[in-house]
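Below you'll find the structure, written out as structure tokens, and then a few comments.
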Amino acid sequence: MKTRNDYRQRMRRRKRFFRIFLALSFLGLSIGTAYFLYQYQTGKMNAGKTQAASEEIPEFNGKKDEHGKVNILLLGSDTRGEEKSRTDTIMIAQYDPEKGEARLVSLMRDMYVDVPEYGKYKLNTSYFLGGPELLRQTLKENFDIDVQYYALMDFKGFQKVVDALAPDGIEMNVEKEMSTNINVTLEPGLQKLNGKELLGYARFRHDAEGDFGRVKRQQEVINALKDEMLSLNGVSKIPKLMGTVSPYIETNIGSMDRISLAKEFVLNPVDKIDTMRLPIDNSFENARYEGVGAVLDVDMDANTEALKDFLNGEEPKSYEEYVEEEAVSDDAAVEDTTGVDDTSGYDETEDSGVYEESTEIEDTSGYEE
């Protein structure tokens, strides 16, 4: 039979165990925090740069995804000492923490789009004219996609991150000799590339594939970096990497949100990053316009639908299928309005809907690297 004394002893043991548990938890949290801060500061010192990419974060009116997904506009910047930097890397990264799925959309910089308040220009000209916010508005206007965050990384920061993450390099299969305007010479074959070499591999465009080949290699590099980061060795370096990249990155993602996203990415890792390119195959034509230069004339409707399908987790259809669906939809709309008298009194003039090309702003986005 249990006595009152037995009960008191049992309660004392429980309290003792609870105090020890709290002490160990606090100790573990303190050690973890100290390790994170130490590695973060070590990364910042290794970066060799004391100031962030921008002292002031510009206005960015991104929208939170209603389904809980995280959409980030990723930009690669090459300042070249100029007051206004250019971006030849434009991507939308999406992470679904609930499903542990990640998607990456590469947007061709030469797509001919409507830039709000400016007119028709190349996609990356919108960044040159108004920074990340105008680029966000341009994507919303043309492809009906909004993003919550943006992250602009200087290319020097990319090199630093690669070297910190993988001191021995990232393994890539270089398909051909590459050297033109990338500041390195790469020989064909399977090899490990350091930060400078990997950046050159991702930026090379002087072959028959041009920008299309570059986009393909950029997506390949992103997937390789993801695999390295989610390795046991890479996970332990995440605090250091965050410190390394911080002086080279401009973003509206707050410090706590960055830590939270990093934690979610580690706890809910993705097997692979699904990739897509806009414009989709066969949905564009090469064209040239005065004051703008060589562009990609894009079927916006088909590409908008393809983008929505992809970000909703569906396999995008072929361009021909989207055109066929649009034709069926148009036929149905005509049938619905057959026999209905037009009483609006609207007088459609001959020049309605005709765009007048603006040449007041010189398009400098098509620079040669």
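The values are calculated or read from the model by the stated rules, or taken from the named source; none is laboratory data. Only a predicted model underlies this, so the values are computations on that prediction, with no experimental measurement involved. Cβ coordinates were reconstructed from backbone atoms using ideal geometry, including for glycine residues, and neighbour counts include every protein chain displayed. We work out accessible area using only protein heavy atoms, side chains counted, and drop any ligands, DNA or RNA first. Shrake-Rupley method; radii C 1.70, N 1.55, O 1.52, S 1.80 Å.
Brief remarks on what is shown
- Close amide H pairs (under 5 Å, H built 1.01 Å from N) link ASP65 with ASN71, residues at least 5 positions away or on another chain.
- Checking every one of the trypsin sites (Lys or Arg not before Pro) in the range 93-125 against DSSP loop status and a limit of 12 other Cβ atoms within 10 Å picks out LYS99.
- Accessible area of the range 120-248 belonging to carbon and sulfur atoms, whole % at 1.4 Å probe: 49 percent
- FRET efficiency for the pair ASN173 and LYS140, taken as 1/(1 + (r/R0)^6) with r the Cβ-Cβ distance and R0 = 30 Å, rounds to 0.20.
- Net length gained if the chain between ASP271 and GLU315 were fully extended (0.36 nm per residue, minus Cα distance): 14.1 nm
- Dipole magnitude (debye, nearest 20) for the range 171-263, charges at Cβ of Lys, Arg, Asp, Glu: 340 debye
- When all alpha carbon pairs of the range 206-298 are counted in 5 Å bins from zero, the resulting P(r) reads 2, 10, 14, 16, 16, 12, 10, 10, 7, 2, 0 %.
- Estimated from the Cβ-Cβ distance and a Förster radius of 30 angstrom, the FRET efficiency linking HIS206 and ARG288 is about 0.90.
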